[in-house]
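Visitor: Encoded as structure tokens, here's the structure I'll be asking about.
The values are calculated or read from the model by the stated rules, or taken from the named source; none is laboratory data. Please read all numbers here as calculations on a predicted model, not as lab measurements. All Cβ positions, even for glycine, are placed from backbone atoms using ideal geometry, and neighbour counts span all protein chains on display. The protein model used for the area step is the full one, side chains on, heavy atoms only, and it has no ligands, DNA or RNA in it. Shrake-Rupley method; radii C 1.70, N 1.55, O 1.52, S 1.80 Å.
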Amino acid sequence: MSKKDIKVALIGNPNTGKTSLFNQLTGLTQKVGNYPGVTVDKKQGTCKLSATQNAVIIDLPGTYSINPTSVDESIVLKTLLKKDIKESPDVILVVADVENLKRNLLLFSQIKDLEIPTVLAINMVDQMTRKGISIDLTALKEELNTEVVLISARKNQGIEAVKAAIIKCHVAAKATPMCDNKKIDPAYFEELKAINPNYTLYELWLMVTQKNFPEEITKQEKEKLLSFNKDVSKLKKYQHKETIYRYQEINKILKNTYLVDKSKAKDLRAKLDKVFTHRIFGYFIFLLVLLLIFQSIFDWSSLPMDLIDTTFAELSDFARSNLPTGVLSDLIVEGIIPGIGGVIIFIPQIAILFLFIAVLEETGYMSRVVFLMDKIMRRFGMNGKSIIPLISGTACAIPAIMATRTISSWKERLITILVVPFTTCSARLPVYAILISLIIPDTKIFGFYNLQAFTLLMLYALGFVTAILAAYILQKTLKIKSNSFFVVEMPNYKLPSVKNVLFDVLEKTKAFVLGAGKIILALSVVLWFLASNGPESYKNAEQNTIEKVANKNLGADELQQKIAAVKLENSYIGIMGKSIEPAIRPLGYDWKIGIALITSFAAREVFVGTLATIYSVGSDDENTTTIKEKMRSEINPATGKKIFNFPAGMSLLVFYAFAMQCMATLAIVKRETKTWKWPLIQLFGMTGLAYVCSLIVFQILK
Amino acid sequence: MNTIASLHIGEMGYISEESLDSIPLKLLEMGCLPGAEVQLVQIAPLKDPLYICVNGSHLAIRKETASKIKILKSE
Ligand SMILES: Nc1nc2c(ncn2[C@@H]2O[C@H](COP(=O)(O)OP(=O)(O)O)[C@@H](O)[C@H]2O)c(=O)[nH]1
Ligand SMILES: [Mg+2]
């Protein structure tokens, strides 16, 4: 039996290398879970510290102090104030950037005052010589009264020393505070401490300032603590004083232990900043970056996507010819295989977009974009930081909505959450792709630009413009008071680390497959069931059809097709599609599209899968041709014209651009806004807009 | 009275002691302390936000915040 695992929490300023260190320590053992109670993702992994001792490592969001100003940062406070043994960390590993040790030590000093065993890992020591920094490690250890290790997470240096320090710190299990708030106002803090001596003074102080009380605190104590809260200006003043006092202590310590030779510290930053934040080039470069991303997503993903498409079609054929006939085989061939294919097909595009976002964040460029865009975004009720969710939204709205957590103003954050689903997520792409290939000719415009690609670009633009306009309207109509405080750190430019980028892409892609993927697969199966079952008229379809066409002398194949079509029409799903047909006929759709609309109300991408299912159910031929070919040849029996003609296709494109058709997103919005009000507003607002716009488009073009 | 917002690009100043109360806690925590030297590194194309360097931290803050933080210009 090995000893009980040590729980280690990684805490530090943003961009100090917490995630890099986390990746080094845990490798592929990491997984994303939920904090119980706080519905926020928790990244966790295991690490072998020594032959007999393992550790569970938790990666926390970056923060500058434990006084939170955003949802992201409040997680750190909540984790630290937890007293129950199961959840609270045994050892805190503070990761600091060697270049900005002073500021990093502020957070360290606060954590130290909670009297939790703390290890300080000073990261990026590979930069020390270049920046002319020297550290007296022994003296620093002495002064800080804790384990200090110099590491380079990127170069994989000092990792073993971190592990040893964690064990040592855990065994010693003693921690002394670094600052004593009593020095600010002895009487005031003496009185505070007297409320419950079981807590450290700093814990009590945090309860007062953050109004965050542990469960085990009694009612009387809580009341006493709240009474400290009455004099807000005094509280604020003391918080200010405390911060200054902490910096004074830190300066004292660093004075003799941390030296910087300023003459050596010249860097690339200033030069690059001149270019990237230039009033003209800055925007120009950003636009180029966006175009590059956009172009690459298509260039790089088309091959794997075609491959996936044909592989799954072949797999269906293979299964069909090798499995015994029966309900179970039908389920596999018509339900499960296309369902899984419908999830897998997104992976290339999502992964490529996340790859770019990860690279932009890693290099430090994303903060420059935030800087460039803040003023513009503010006019539309958002925040420079909203640009990251809006770009992420072109992969998937779910991670995009999570990315809004860094926005500290509630109104700006809410508006961002509400408009993100307008951006063209990858679930819309297969719908767009198939419709565009059906209704837009494959020709070149201006001699070189592919018309189909141009249409897609316009749809992306439509998504962004609608998002921005919607934000503007929301800004004017939402009556929410919230302070809009904004501060962003501009990190140093860095070359991205391959490991970090790959882990990030892997994590987000996995989250998509497991989250949205489950819904898609489940729906595919439900859909298959609804399409292959029905009331009385469905069961009699075969008999009736044979009788009806008995005098027409049809061939066996033709007869079989006729039967299948009648069956589909009379299946449960056919009945549902038919029942909404009157409502969608003005938009140019028939009942088969109606079926696809119904099923895509859970997730858009199901549109393609549904049509695939409908057509493979409808035309029961042995060769499963690709979905596209089937749709192209689909004729409306009433008019004799193609169903997917230009007006109907355009109307569908507009519908999919605007409608809120993603159950997974609605669930996330509910989680993040803590009420059903906002997801419902999204559902009805967006879908209503979609209906009206599609109606207009079809009626004009028809 | 000079504030961070009245600096020109590249110019430096010292944050004055009297503006302690008007500096948001978060900025204080990030190193924007009274007495610290502050440099205006860059102004965003639309004149807002401002990109400053103080106490080794490179920060972007909005003009509204910057115009509340008084400074003494250094020659
Ligand atoms: N030079 C150098 N860069 C590092 C080191 N550790 C991390 N980085 C880089 O610092 C940036 C921020 O790292 P990350 O792990 O995402 O930090 P987090 O925000 O604290 O999770 C990334 O670009 C990393 O590649 C290091 O030891 N040396
Ligand atoms: Mg991180």
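Visitor: With (1) open to solvent by 10 Å² or more (accessible area, probe 1.4 Å); (2) more than 19 Å from residue A:273 (Cβ to Cβ) as the list, and residue A:365 as the residue in question, which single condition is left unmet?
Guide: Failed condition: (2).
Visitor: Given (1) outside any loop (DSSP other than H, G, I, E, B); (2) within 13 Å of ligand 2 (Cβ to nearest atom); (3) modelled with pLDDT under 90, identify the lone condition not met by residue A:44.
Guide: All conditions pass for residue A:44, except number (2).
Visitor: Still on this model: Can you pull out the helices (runs of 4 or more DSSP H) entirely within region A:141-213 that have at least 2 residues that are within 16 Å of ligand 1 (Cβ to nearest atom)? Break it down stepwise before answering.
Guide: Details: elements: A:159-172, A:186-195, A:201-210.
Filter on region A:141-213 gives A:159-172.
Visitor: Here's something else I'd like to know. Name every residue in region A:264-289 that is touching a residue at least 24 places away in the same chain (Cβ under 8 Å), away from chain B (no Cβ under 12 Å) and part of a helix (DSSP H, G or I), in order of residue number.
Guide: Pass one, region A:264-289, residues touching a residue at least 24 places away in the same chain (Cβ under 8 Å): A:264-265, A:267-269, A:272-273, A:276-277, A:282-283, A:286, A:289.
Narrowing the set further to residues that are away from chain B (no Cβ under 12 Å) leaves A:264, A:268, A:289.
Answer for region A:264-289, where residues must be touching a residue at least 24 places away in the same chain (Cβ under 8 Å), away from chain B (no Cβ under 12 Å) and part of a helix (DSSP H, G or I): A:264, A:289.
Visitor: What are the residue pairs meeting all of these: first residue in region B:11-36, first residue more than 8 Å from chain A (Cβ to nearest Cβ) and under 16 Å from residue B:1 (Cα atoms), second residue of a type in the set (Lys, Arg) and assigned to a loop (DSSP other than H, G, I, E, B), Cβ atoms under 8 Å, and 6 or more apart or on different chains?
Guide: From residues that are more than 8 Å from chain A (Cβ to nearest Cβ) and under 16 Å from residue B:1 (Cα atoms), the pairs are B:19/B:68; B:22/B:68.
Visitor: If you don't mind, there's one more thing I want to ask. Write out, first by first residue and then by second, each pair whose Cβ atoms fall under 9 Å of each other, whose residues are 6+ apart or on separate chains, and whose first residue, in region A:478-490, is more than 14 Å from chain B (Cβ to nearest Cβ) while the second is surrounded by 15 or more Cβ atoms within 10 Å (Cβ to Cβ) and part of a loop (DSSP other than H, G, I, E, B).
Guide: Hits for this filter: A:478/A:381; A:482/A:408; A:482/A:409.
Visitor: Right, here's the next one. So, residue A:335, is that one surrounded by 20 or more Cβ atoms within 10 Å (Cβ to Cβ) and in contact with a Leu (Cβ under 6 Å, 6 or more places away or on another chain) or not? Working first, answer last.
Guide: Details: surrounded by 20 or more Cβ atoms within 10 Å (Cβ to Cβ): yes; in contact with a Leu (Cβ under 6 Å, 6 or more places away or on another chain): no.
No: the conditions fail for residue A:335.
Visitor: Mind listing just one residue for me: the one in region A:51-69 that is outside any loop (DSSP other than H, G, I, E, B) and within 16 Å of ligand 2 (Cβ to nearest atom) and, of those, farthest from residue A:169 (Cα to Cα)?
Guide: Looking only at region A:51-69, we keep the residues that are outside any loop (DSSP other than H, G, I, E, B), and these are A:54-59.
Those still in the list that are within 16 Å of ligand 2 (Cβ to nearest atom) too: A:57-59.
Working: A:57: 15, A:58: 17, A:59: 19 Å.
Within region A:51-69, the match that is farthest from residue A:169 (Cα to Cα) is A:59.
Visitor: Six or more apart or on different chains, Cβ atoms under 6 Å: show the pairs whose first residue is in region A:47-70 and assigned by TED's automatic domain parsing to the domain that holds residue A:106 and polar (S, T, N, Q) and whose second is within 16 Å of ligand 2 (Cβ to nearest atom) and open to solvent by 20 Å² or more (accessible area, probe 1.4 Å).
Guide: These pairs meet every condition: A:70/A:406.
Visitor: Another one. Take the conditions away from chain B (no Cβ under 14 Å), more than 16 Å from ligand 2 (Cβ to nearest atom) and free of Cβ contacts under 8 Å to residues at least 24 places away in the same chain and apply them to residue A:193. Does it pass?
Guide: Numbers: away from chain B (no Cβ under 14 Å): yes; more than 16 Å from ligand 2 (Cβ to nearest atom): yes; free of Cβ contacts under 8 Å to residues at least 24 places away in the same chain: yes.
So residue A:193 fits the description; yes.
Visitor: Would you mind stating whether residue A:220 is in a helix (DSSP H, G or I) and open to solvent by 90 Å² or more (accessible area, probe 1.4 Å)?
Guide: Details: in a helix (DSSP H, G or I): yes; open to solvent by 90 Å² or more (accessible area, probe 1.4 Å): yes.
Spelling it out, residue A:220 is indeed in a helix (DSSP H, G or I) and open to solvent by 90 Å² or more (accessible area, probe 1.4 Å).
Visitor: Hey, could you check region A:157-204 for residues that are open to solvent by 70 Å² or more (accessible area, probe 1.4 Å) and among the acidic types (Asp, Glu) and say which is farthest from residue A:237 (Cα to Cα)?
Guide: Per the stated criteria, the residue is A:160.
Visitor: Quick check on region A:102-135: of everything there that is touching a residue at least 40 places away in the same chain (Cβ under 8 Å) and among the charged types (D, E, K, R), which residue is most open to solvent (accessible area, probe 1.4 Å)?
Guide: Top of the filtered list is A:130.
Visitor: Among (1) within 14 Å of another protein chain (Cβ to nearest Cβ); (2) among the aromatic types (Phe, Trp, Tyr); (3) under 30 Å from residue A:19 (Cα atoms), there is one condition residue A:380 misses while meeting the rest; what is its number?
Guide: Just one mismatch for residue A:380, condition (3).
Visitor: Another question, then. Within region B:53-74, does at least one residue satisfy the condition of being modelled with pLDDT of 90 or more, buried (at least 18 other Cβ atoms within 10 Å of the Cβ), more than 9 Å from chain A (Cβ to nearest Cβ) and more than 24 Å from residue A:378 (Cβ to Cβ)?
Guide: Looking for residues that are modelled with pLDDT of 90 or more, buried (at least 18 other Cβ atoms within 10 Å of the Cβ), more than 9 Å from chain A (Cβ to nearest Cβ) and more than 24 Å from residue A:378 (Cβ to Cβ), one finds at least one in region B:53-74, hence yes.
Visitor: Ok, one more. For region A:70-94, which residues satisfy the criterion of being within 14 Å of chain B (Cβ to nearest Cβ) and either within 16 Å of ligand 2 (Cβ to nearest atom) or buried (at least 21 other Cβ atoms within 10 Å of the Cβ) (or both)?
Guide: Within region A:70-94, the first condition is being within 14 Å of chain B (Cβ to nearest Cβ), and the residues that meet it are A:70, A:72-74, A:76-77.
Residues satisfying the conditions are A:70, A:72, A:73, A:76.
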